[in-house]
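So the structure is just underneath, and the comments pick up after that.
The values are calculated or read from the model by the stated rules, or taken from the named source; none is laboratory data. Keep in mind it's a predicted model, so treat the numbers as computed, not measured. Glycine gets a Cβ as well: all are built from the backbone with ideal geometry, and neighbour counts include every protein chain shown. Protein only, heavy atoms only, side chains kept; ligands, DNA and RNA dropped before computing areas. Shrake-Rupley method; radii C 1.70, N 1.55, O 1.52, S 1.80 Å.
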Amino acid sequence: MSELYKKLDKATFELREAQKDFEALFKRMCQIQDDLKNAPLGLSLELLLLNLMQTRVGVKMCTDKALELLMTEKQRLSR
């Protein structure tokens with residue numbers, strides 16, 4: 001297996017793991033916001049969560065596109 005293919009494989013794995021980490025962070029933030037919704041800082045957390053939701057969409061789009069590019073290059077190398 002070529003060195004470039006190994007690097008692509010590692011990058012693909014790491015990107016997928018980073019996606020999982022970001023989703024876990026997002027879910028935890030939602031739980032925290034829900035737990036504290038009656039606290040005075042609840043609204044501030046809600047606004048931060050809305051911001052994180054917008055970021056989440058952008059992160060997902062970027063990582064999905066990056067994974068697509070990595071997979072395309074891996075397929076090209078495996079031919």
Looking at region 31-41, can you tell me whether even one residue there is open to solvent by less than 90 Å² (accessible area, probe 1.4 Å) and under 16 Å from the mean Cα position of the chain (by Cα)?
no
Only residues that are among the hydrophobic types (A, V, I, L, M, F, W, C) and modelled with pLDDT under 80: list them for region 38-55, please.
ALA39, LEU41, LEU43, LEU45
Residues satisfying the stated conditions in region 4-30, i.e. farther than 18 Å from LEU67 by Cβ and open to solvent by 100 Å² or more (accessible area, probe 1.4 Å)
LYS27, ARG28
Being acidic (Asp, Glu), open to solvent by 40 Å² or more (accessible area, probe 1.4 Å) and at pLDDT 90 or above is the requirement here; does GLU68 meet it?
yes
Which of (1) in a loop (DSSP other than H, G, I, E, B); (2) open to solvent by less than 100 Å² (accessible area, probe 1.4 Å) does MET53 not meet, given it meets every other one?
(1)
Checked pairs for region 46-69, first under 30 Å from LYS7 (Cβ atoms), second surrounded by 10 or more Cβ atoms within 10 Å (Cβ to Cβ) and of a type in the set (Val, Ile, Thr), C-beta under 7 Å and 6 or more apart or across chains, list as LEU67/THR12
